[in-house]
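What follows draws every value from the coordinates through simple rules; no lab data is involved. The shown structure was predicted, so the numbers you read here are calculated from the model rather than taken from an experiment. Counting neighbours? That spans all protein chains shown, and the Cβs are built from the backbone with ideal geometry, glycine included.
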Amino acid sequence: MHQAYTHRVYLVRIVLPMSLGSSSGPASGPLLGASGLRKAFGSTPALDGADFALSPGEVVAVMGPSGSGKSTLLHCLAGIVRPDAGTITYDGNDVTAMNDARRSALRRRDFGFVFQFGQLVPELTCAENVALPLRLDGVRRKDADRAALHWLERLEVDSVARRRPDQISGGQGQRVAVARALVTAPRVVFADEPTGALDSLSGELVMRLFTEAARDTGAAVVLVTHETRVAAYSDREITVRDGRSRDFTLAPAGAR
Amino acid sequence: MSIGHTLLGLLESGPRHGYDLKRAFDEKFGHDRPLHYGQVYSTMSRLLKNGLVEVDGVEAGGGPERKRYAITEAGITDVEAWLKQPEKPEPYLQSTLYTKVVLALLTGRSAGDLLDTQRAEHLRLMRILTDRKRRGDLSDQLICDHALFHLEADLRWLELTAARLDQLATEVRA
Ligand SMILES: Nc1ncnc2c1ncn2[C@@H]1O[C@H](COP(=O)(O)OP(=O)(O)O)[C@@H](O)[C@H]1O
Ligand SMILES: [Mg+2]
């Protein structure tokens, strides 16, 4: 018990110097917001005036048919892709106005990522994979390893800590990827079809552990999925159709 | 669900009082809809009349819930037959949703809005069930999964229909 307590204090301590520092933005308004996003690849319009808003700690599902622009929206919001038009604000700062160095610092420090597959470094063990973002940020090996083990336990995959990605199942791999996304205590986790390559039972386990861990840490989640049973783990969903986004969410029963 | 067969099945492991039967039913199968004592009483008197159960003892105080019931050989055969008989799959051919979509198209209202609203309502229920599943034990998970898979199937239909609204509009107005 005492062990767990000091551990938690430690995690907070290593995380504090890593947040972006410049929370100059207004206290109200969304943590992450976008309006009028447009993005075309050649003559293909991927986004055609998409809006988005994410509150701190909120889990939002982004749904829509294949090719509707979900991944493009996620990439724009996460500062991976620059939109042709429209604005994105994070914590009151204009992301589209940031230079590449600042955007990549933002991604590293405040954001976490989970993709469909192929995101773990094959030469590293699962524990090393989870510790990697901390190591890249200059955290001492012992401290990074301890934090990695904490997150592997939280995602119930500590048993595979010493194995390499090709020695574990797809569901275990996704849980390791979630652990790696959460190890830096991000404020937003971006997940693009995190269960897309899994059978429904392992997909459900990934979603349950992922959303519970995110809610416990207060991280907000942008969850791209075309599966409604996966979206049902969110607080709210927006639907993307032909590059435009809409929110149809109904308040939970009783709140109406 | 056949309450009679379920209560009979519960009796197969040994005699039970009326109140005990109700409690076992509610705990295992009642989740959202616990039995009324009246239902237990009327069901048990029908099973008695048909010779599927017999009264094995009566507690002091009297009422029907105080009676102890035991299953008979005929009752065991009846449970056996019920379990062997496959349930009739729901054909889903009388769809209110389909009717509403066609009527919306015929009357010049927005069928797309109707489908979006329905979709949101389905997802709202899916969220509630997912949350209950997350907190519950294995039986909660199985019960909720059954409902979730059905809702998911409905949502797929809503999506497919939304994608074919223009075509449907041309056909119904022809
Ligand atoms: N890097 C790219 N180069 C060219 N076209 C792209 C690229 N990324 C996406 N697209 C196109 O943009 C549209 C939206 O794609 P995407 O955002 O991946 O949709 P979704 O994730 O909803 O399936 C599609 O027509 C897709 O083919
Ligand atoms: Mg995609």
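Per-structure values
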quantity	calculated
Lys, Arg +1 and Asp, Glu -1 on Cβ, resulting dipole of the protein assembly as shown about Cα centre, debye, nearest 20	1000 debye
Volume in Å³ per residue [convex hull over Cα atoms, computed for region A:102-144]	86 Å³
Ellipticity estimate at 222 nm from DSSP helix runs (n ≥ 4, -39,500 (n - 2.57)) divided over chain A, nearest 500	-11000 deg cm²/dmol
Given charges at beta-carbon only (K, R positive; D, E negative), |dipole| of chain B in Debye	360 debye
Residues whose placed amide H lies under 5 Å from that of B:VAL53, excluding near-sequence neighbours	B:LEU48, B:THR72
Dipole of the protein assembly as shown, positive direction: furthest Cα of A:LEU124, B:HIS5, B:MET126, with charges on the beta-carbon	A:LEU124
Sequence-distant residues sharing a close amide H with A:ALA46 (under 5 Å, placed H)	A:LYS39, A:ALA40, A:PHE41
Under 5 Å, built H, 5+ apart or other chain: amide partners of B:VAL58	B:ARG68
Alpha-carbon centroids, region A:149-220 and region B:127-144: separation in whole Å	21 Å
Karplus-derived HN-Hα couplings along region A:76-88 (A = 6.51, B = -1.76, C = 1.60, θ = phi - 60°), whole Hz, x at Gly and Pro	5, 4, 7, x, 7, 10, 8, x, 6, 8, x, 10, 10
Order of B:LYS67, A:LYS142 under a 10 Å beta carbon neighbour criterion, fewest first	A:LYS142, B:LYS67
Footprinting exposure proxy for B:TYR69, B:TYR41 (fewest neighbouring C-beta atoms within 10 Å first)	B:TYR41, B:TYR69
Chain B - mean residue ellipticity at 222 nm from DSSP helices (-39,500 (n - 2.57) per run, n ≥ 4, rounded to 500)	-21000 deg cm²/dmol
Region A:32-120: translational diffusion in µm²/s, Stokes-Einstein, Kirkwood Rh over Cα pairs, 20 °C, 1.002 mPa s	156 µm²/s
Gyration tensor verdict on the protein assembly as shown (Cα atoms; rounded if a/c is under 1.5, prolate if a/b is larger than b/c, oblate otherwise)	oblate
Antiparallel content of DSSP bridges confined to the protein assembly as shown, in %, to 5	60 percent
Neighbour count of at most 15 Cβ within 10 Å plus DSSP loop: longest GluC sites (Glu not before Pro)-free window in chain B	B:88-174
Relative counts (whole %) of C-alpha pair distances in chain A, using bins that are 5 Å wide	1, 6, 13, 17, 19, 17, 13, 9, 4, 1, 0, 0
Equivalent-ellipsoid semi-axes of region B:3-84, from the Cα gyration tensor, Å, largest first	18, 16, 10
Neighbour net charge for A:ASN93 - beta-carbon separation under 14 angstrom, K R +1, D E -1	+2
Long-range tail of P(r) for chain B (Cα pairs > 24 Å, %)	57 percent
J(HN,Hα) series, region B:156-163, from Karplus relation 6.51 cos²θ - 1.76 cosθ + 1.60, nearest Hz, glycine and proline x	5, 4, 4, 5, 4, 5, 4, 6
Chain B: relative contact order in percent, alpha carbon pairs under 8 Å with at least 6 residues between	18 percent
In sequence order, calculated HN-Hα J values of region A:180-190 (Karplus, 6.51, -1.76, 1.60; Hz; x Gly/Pro)	5, 5, 8, 5, 8, 6, x, 8, 9, 10, 9
